[in-house]
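The values are calculated or read from the model by the stated rules, or taken from the named source; none is laboratory data. Just so you know, these numbers come straight off a predicted model, no measurement behind them. Reconstructed Cβ throughout: ideal geometry from the backbone, glycine too, with neighbour counts over all protein chains shown. What goes into the accessible areas is simple: the full protein's heavy atoms, side chains included, and nothing from ligands, DNA or RNA. Shrake-Rupley method; radii C 1.70, N 1.55, O 1.52, S 1.80 Å.
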Amino acid sequence: MKNSIKERIIQNNQFDRKIKCGFPRNMLLEPTNICNHSCLMCANSKGTKKRGMIDPEFAKRILKEAYDSGTREVGFYGMGEPLLDKNLEDYIAYAKELGYEYTYITTNGALLSKERAERLMDAGIDSIKFSINAANARDYQLIHGKDEFDLVMENLICVDAMRKKKARKIALYISFVATRYTVSEEESFKVKYQDYVDDIVFLDCKAVGYMVDEIHQYLSVNGENTVSSEDGICPMVFNKLHITYEGYLSMCCDDLQNYLVVADLNVESLGEAWNNQYACDLRKRHLEHNLKGTRCFNCMNNCNETVEPLRAELAAIYDINDWNKEQEIKERICIWKKMM
């Protein structure tokens, strides 16, 4: 299943616009919300939600419930770095044992040593995507907050050599989110590394989600806000499962503070949760373009208005007036400029 990243994005954007939806084919299961990097355009480092790892028994129960209901693809990542979870290979192996057709991760790649890559392959992983958002060590430190560019590229080349040597049908991808400081390096990066992977996708950094103000002011490529969806309806609330490490069902892959959580799967079954009142109400609001007051509204309209969580008791409440990454961004840009 070595479709390009763009082809998979197109597939994920195809959905039936129904308040009550058939069970999704695709699921993201978050092993952890802890990350070993601090990317400038990612809100993870300013999150206030408790950090932790998914419970192994819960993870396997959800994998089974989802599979029995019709899910056939599972990505093991969320708001954190999946390779921080020592049980990751066990989850992948269990998913393949159940019959999942496609298992995949997105990783910054710093922890993907030769030994770890071999364990992932032996577990049966189908796809690995490296998130590499710079073309050289200096820019990488600016964007990722770590001086690990050379390490990551060595790991990437090693994984490619290993899959070829072992004749494993594992898809290998790179995603590159370009800021105004790195967009000029896209072509040179592509020329240098395209032979090691099946596809490279370049995405312009845009002002969406929790980072609207900071990205718009400091990072977006064109300096303008861009509406996230042409028709104001997000396909994710209709066609994809997002399971947080705590065991919550969210309607969004970027739900850092649990503002779009609709169910606690520790007390509610996945089958019931997918079409519960909270999920159906949110889909109805999408279809009616009545999202004001929700995180979806801010994402769709590239704004930073005060919003309310769908279920306050399951959310990590934050104050938009105090919750900002501007100072960190300014300091890192200043250091980067001094290195020129």
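Here are the numbers for this structure:
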| quantity | calculated |
| --- | --- |
| Some residue of the stretch 169-178 being over 30 Å from Lys337 (Cα atoms), open to solvent by less than 70 Å² (accessible area, probe 1.4 Å) and part of a loop (DSSP other than H, G, I, E, B) | yes |
| Leading residue by the ranking (farthest from Ser220 (Cα to Cα)) among those in the stretch 300-329 that are open to solvent by 90 Å² or more (accessible area, probe 1.4 Å) and assigned to a helix (DSSP H, G or I) | Glu313 |
| Yes/no for Ser188 being of a type in the set (S, T, N, Q) and open to solvent by less than 30 Å² (accessible area, probe 1.4 Å) | no |
| Residues of the stretch 78-98 classified as charged (D, E, K, R), crowded, with 18+ Cβ neighbours inside 10 Å and in a helix (DSSP H, G or I), total | 1 |
| Unmet requirement for Phe202, which otherwise passes all of (1) in a strand (DSSP E or B); (2) at pLDDT below 90 | (2) |
| Per-region count, the stretch 280-299, residues open to solvent by less than 20 Å² (accessible area, probe 1.4 Å) and either part of a helix (DSSP H, G or I) or charged (D, E, K, R) (or both) | 7 |
| Cβ pairs under 9 Å, 6+ apart, first in the stretch 137-165 and within 15 Å of Tyr196 (Cα to Cα), second modelled with pLDDT under 95 | Met162/Arg168; Arg163/Lys169 |
| Residue count, the stretch 42-77 (criterion: in a loop (DSSP other than H, G, I, E, B), open to solvent by less than 30 Å² (accessible area, probe 1.4 Å) and under 27 Å from Cys205 (Cβ atoms)) | 3 |
| Members of the stretch 191-209 found to be surrounded by fewer than 15 Cβ atoms within 10 Å (Cβ to Cβ) and within 19 Å of Asp150 (Cβ to Cβ), listed by number | Val191, Lys192, Gln194, Asp195 |
| Verdict on Asn266 being touching a Phe, Trp or Tyr at 6+ places or on another chain (Cβ under 9 Å), open to solvent by 10 Å² or more (accessible area, probe 1.4 Å) and within 19 Å of Glu246 (Cβ to Cβ) | yes |
| Residues that are within 17 Å of the chain's Cα centre (by Cα) and under 22 Å from Asn36 (Cα atoms), drawn from the stretch 90-110 | Tyr104, Ile105, Thr106, Thr107, Asn108, Gly109, Ala110 |
